[in-house]
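So the structure is just underneath, and the comments pick up after that.
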Amino acid sequence: MVAVNKIALLLLVGVLAVAPATPPSVAAPAEDTAVRNSLFTQSAAQILRREFTDRDVSFLLIDVRTGAVLASRWNHPDQPIPLGSLVKPFIALAYGEEHQFRYPTHLCRGDASGCWLPRGHGEIGITAAIADSCNSYFRMLTATMTSTDVIPAATRLGLDPPGPELSGSDLIGVGNRWLISPLHMARAYLELNRRRDQSGARAVIDGMEQSARQGTGAEVDRALKYTPALVKTGTAACTHRDRAPGDGFVVALVPAEQPELLLMVRVHGVPGAKAALTAGRMLSRIEE
């Protein structure tokens, strides 16, 4: 049997349940689409609120179309905190704007070149660097960058801008000195999605799609049966009262081709790739 996009099927069922049939020759009215989207997003929000109550898990669920927060279990989501590698797509765009969106390749040597992966990623370009969250690649990209180079792109995308004293690896989330509120970060990803067909953004979106398939966000696609996702992961200093070595973050947009929902997750005490397990479980429950 041909696989069906389950989210699209849920949306269709919502329409059939509340609206009379529309003759094939007549386009469905705009209000039917609004009802359909409303039913689906309400159902998704209810599932997350009801089933994911672990104190170690924080989340924001956002309607991609309107930017509205549908469900939230995150204390002070407007408070700036370290968000680790979630900033990397925006650093890529800031670099690209100054270099005609021509991104270099790089040889990641692992520990020797400052990457989190001891054995290294080998020769890598921008799409794989986003997918694998390669610190070595982004250290190379930001070696001569300062806050001045990043602030214009950050401001356009709605991010809290980096402080004027930041440069180099501080700009890729490694030093935990660039503080951004979770809400601003989530909405920056919404803006990135809106610009997905603009110069430079396509390579970043492709990297997020590859992350979900085989990169640091692979646990998300692994958990989904019908709906591929766009994913970026990150690990940052813990800001909980009960301190852990770090917290894992995930931003996931589904479906990948035309996102309808954005889920941002923080999991206390784990790296971003493991936080993707939790994000995958949450999205799989919405998909069912």
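Here's the yes/no breakdown for (1) surrounded by fewer than 22 Cβ atoms within 10 Å (Cβ to Cβ); (2) polar (S, T, N, Q); (3) in contact with a Phe, Trp or Tyr (Cβ under 7 Å, 6 or more places away or on another chain):
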{"residue": "V69", "(1), (2), (3)": "yes, no, no"}
{"residue": "H76", "(1), (2), (3)": "yes, no, no"}
{"residue": "P80", "(1), (2), (3)": "yes, no, no"}
{"residue": "L93", "(1), (2), (3)": "no, no, no"}
{"residue": "Q100", "(1), (2), (3)": "yes, yes, no"}
{"residue": "L107", "(1), (2), (3)": "yes, no, no"}
{"residue": "G114", "(1), (2), (3)": "yes, no, no"}
{"residue": "I130", "(1), (2), (3)": "no, no, no"}
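Here is a yes/no grid of residues against (1) aliphatic (A, V, I, L, M); (2) in contact with a Gly (Cβ under 9 Å, 6 or more places away or on another chain); (3) part of a helix (DSSP H, G or I):
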{"position": "A128", "(1), (2), (3)": "yes, yes, yes"}
{"position": "A131", "(1), (2), (3)": "yes, yes, yes"}
{"position": "Y137", "(1), (2), (3)": "no, yes, yes"}
{"position": "A143", "(1), (2), (3)": "yes, yes, no"}
{"position": "I151", "(1), (2), (3)": "yes, no, yes"}
{"position": "L159", "(1), (2), (3)": "yes, no, no"}
{"position": "L171", "(1), (2), (3)": "yes, no, yes"}
{"position": "G175", "(1), (2), (3)": "no, yes, no"}
{"position": "R202", "(1), (2), (3)": "no, no, yes"}
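I need the full set of residues from the range 174-190 which are closer than 21 Å to S72 by Cα and buried (at least 17 other Cβ atoms within 10 Å of the Cβ), in order please.
Across the range 174-190, the qualifying residues are I180, S181, P182, L183, H184, M185, A186, R187, A188, Y189, L190.
Does I47 satisfy the criteria of being farther than 30 Å from N135 by Cβ, part of a helix (DSSP H, G or I), in contact with a Ser or Thr (Cβ under 7 Å, 6 or more places away or on another chain) and modelled with pLDDT under 95?
Spelling it out, it is not the case that I47 is farther than 30 Å from N135 by Cβ, part of a helix (DSSP H, G or I), in contact with a Ser or Thr (Cβ under 7 Å, 6 or more places away or on another chain) and modelled with pLDDT under 95.
Report, ordered by the first and then the second residue, all pairs with beta carbons closer than 9 Å, sequence separation of six or more or different chains, a first member in the range 244-256 that is farther than 16 Å from D206 by Cα and free of Cβ contacts under 8 Å to residues at least 40 places away in the same chain, and a second member that is among the basic types (K, R) and buried (at least 24 other Cβ atoms within 10 Å of the Cβ).
Listed by first residue and then by second, the contacts come to D247/R266; G248/R266; V250/K232; V250/R266.
The values are calculated or read from the model by the stated rules, or taken from the named source; none is laboratory data. The shown structure was predicted, so the numbers you read here are calculated from the model rather than taken from an experiment. No Cβ is skipped: glycine too gets one built from the backbone with ideal geometry, and neighbour counts run over all protein chains shown.
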